[in-house]
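Written below as structure tokens is the structure these notes are about.
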Amino acid sequence: VQLQASGGGLVQAGGSARLSCAASGSIFSLNTMGWYRQAPGKQREMVAKITTGGRTNYADSVKGRFTISRDNAKNTVYLQMNSLKPEDTAVYYCWYGSTFDDHWGQGTQVTVSS
């Protein structure tokens with residue numbers, strides 16, 4: 001499975017950004033896709049995940065501000081990030097997981113300026 005992420009960049013605090021990640025290759029029909037992030041000097045943490053059935057899971061720090069969604073026909077997951085804060089600054093990684101395997105995409109930088 002290959003994951004191609006896009007989006008991110010430099011955003012002002014209070015602004016919005018949208019990340020996309022398209023999966024290709026041997027994709028299992030039942031899977032979970034999501035986003036993790038890693039800030040400098042910190043461990044990678046889960047941001048949000050969504051199953052093919054639409055079940056979602058969010059980190060407490062982003063609840064109410066971020067929304068994860070997916071288009072199963074396109075094997076693409078989206079992360080809409082609103083009310084961004086400087087502490088959201090990190091490299092965001094797309095993730096795919098199934099019963100058989102899991103994969104990471106290349107990171108995309110999101111920088112929130114105060």
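Structure values in brief
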{"quantity": "2 or more residues farther than 22 Å from Gly53 by Cβ: qualifying strands (runs of 3 or more DSSP E) within the stretch 70-114", "calculated": "90-97, 108-113"}
{"quantity": "Residue among Ser6, Ser20 that is surrounded by fewer than 16 Cβ atoms within 10 Å (Cβ to Cβ), within 24 Å of Val112 (Cα to Cα) and at pLDDT 95 or above", "calculated": "Ser6"}
{"quantity": "Residue that is nearest to Tyr36 (Cα to Cα) [pool: residues in the stretch 47-68 that are open to solvent by less than 60 Å² (accessible area, probe 1.4 Å), assigned to a strand (DSSP E or B) and not aromatic (Phe, Trp, Tyr)]", "calculated": "Val47"}
{"quantity": "Some residue of the stretch 36-46 being in contact with a Leu (Cβ under 9 Å, 6 or more places away or on another chain), open to solvent by less than 50 Å² (accessible area, probe 1.4 Å), assigned to a strand (DSSP E or B) and closer than 20 Å to Leu3 by Cβ", "calculated": "no"}
{"quantity": "The stretch 69-92: number of residues that are crowded, with 21+ Cβ neighbours inside 10 Å and closer than 18 Å to Arg44 by Cβ", "calculated": "6"}
{"quantity": "Complete set of residues in the stretch 8-40 that are more than 11 Å from the chain's Cα centre (by Cα), under 12 Å from Thr89 (Cα atoms) and not β-branched (Val, Ile, Thr)", "calculated": "Gly9, Leu10, Gln12, Ala13, Ala17, Gln38, Ala39, Pro40"}
{"quantity": "Positions within the stretch 1-25 being assigned to a strand (DSSP E or B), more than 11 Å from Val110 (Cα to Cα) and in contact with a Gly (Cβ under 7 Å, 6 or more places away or on another chain), in sequence order", "calculated": "Gln2, Leu3, Gln4, Ala5, Ser20, Cys21"}
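The values are calculated or read from the model by the stated rules, or taken from the named source; none is laboratory data. These numbers come from a predicted model, not from an experiment. Please note: Cβ atoms are built from the backbone with ideal geometry, for glycine as well, and neighbour counts cover all protein chains shown. Please note that ligands, DNA and RNA were not included when accessible areas were found on the heavy atoms of the full protein model with its side chains. Shrake-Rupley method; radii C 1.70, N 1.55, O 1.52, S 1.80 Å.
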